[in-house]
Amino acid sequence: MVQAARSGKQNIVEGSEDGKTSTEMELKLLNVARSSIGELRQDFEDFLKSRQLRQWTPDDERFQPMQGFTKSHNRLSDYEPYFTHWSAEEMANVGLTLCFQVDTMMNKYMESLEKTFVTQGGIKERMHSARTGYRQQQDLRLAELEKAVPALQQQLAQAQAEAADWKSRYEDLKQRALNAYHQQKEEIERLKESNKDKQG
């Protein structure tokens, strides 16, 4: 019974870890864990039968309180205070109920996992799909950029031509302004010389 319980726990832990990289391996290990929990459940049933103890059913007044307790308590420390008080029948029925509850939870989780695996593939398949999708997006973006290059080149050439035209205009305006400045300066000098001559 100890070996079956440890096997169930260990395969759940290993399945959870392996599930990070392989959904298929997680499912395999969880199936092993379910088998181990199933063996443990059978052992509890055999324990009760072999000692003529009662396996509680929903019509037993102790069944609902026990089920409510096991559903809301999942730590060893929650059960330790009762180890010295519960009878063998109580201990076995609590253990049996926990086995059923663990199996139910695992079954629901595995159904969800299998559905995801069938519809979306495992972790590896999803990673491959994500990489493929990313590469396709990159290829599409590259194609868009390459398609836009000729138009951008044309705009660049046009801008360079306009810049050259503006530069030519600027040089022309600059030269005119310089010429006008020098002419005005020369005229001022002539007027000053002329005034000096008149005053002399």
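Checking the cross-link filter: which lysines have an alpha carbon closer than 23 Å to that of LYS185, excluding same-chain neighbours under 8 positions apart?
Excluding near neighbours in sequence, the set is LYS174, LYS196, LYS198.
Could you list the GluC sites (Glu not before Pro) in segment 54-93 that lie in coil according to DSSP, counting only those with at most 10 other Cβ atoms within 10 Å of their Cβ?
Those that pass, being in a loop and sparsely packed, are GLU61.
Enumerate the calculated ³J(HN,Hα) couplings along segment 138-149 in order (Karplus 6.51 cos²θ - 1.76 cosθ + 1.60, θ = phi - 60°), each rounded to whole Hz, writing x wherever the residue is Gly or Pro.
Those phi angles translate into 5, 5, 5, 5, 4, 4, 5, 5, 5, 5, 7, 4 Hz.
Between helix 23-50 and the chain, what is the angle of the helix's C-alpha long axis to the longest principal axis, kept within 0 to 90° and rounded to the nearest 10?
With rounding to tens, the tilt is 20 degrees.
What range in the chain is the longest one free of trypsin sites (Lys or Arg not before Pro) that are in a loop by DSSP and have at most 16 other Cβ atoms within 10 angstrom?
Answer from the scan: 76-200.
Grab the alpha carbons of segment 1-144, take their convex hull, and tell me the volume per residue in Å³.
141 Å³
Using a simple charge model, +1 on the beta-carbon of Lys and Arg, -1 on the beta-carbon of Asp and Glu, nothing else, what dipole does the chain show about its Cα centre, in debye to the nearest 20?
My answer is approximately 840 debye.
With a cut-off of 8 Å between alpha carbons and a minimum separation of six or more residues, what is the relative contact order of the chain in percent?
20 percent
Return the equivalent ellipsoid semi-axes of segment 1-60 as a descending list in whole Å, where each equals the square root of 5 times an eigenvalue of the C-alpha gyration tensor.
Working from the Cα gyration tensor, I get semi-axes of 31, 12, 7 Å.
Straight-line reach only, C-alpha to C-alpha below 21 angstrom: list the lysines that LYS71 could link to, leaving out same-chain residues fewer than 8 apart.
LYS9, LYS108
Just so you know, all these numbers are worked out from the coordinates, no wet-lab data involved. Everything numeric here is computed off the predicted structure, so don't read it as measured data. Ideal geometry is used to build each Cβ from the backbone, glycine not excepted, and the neighbour counts take in all protein chains shown.
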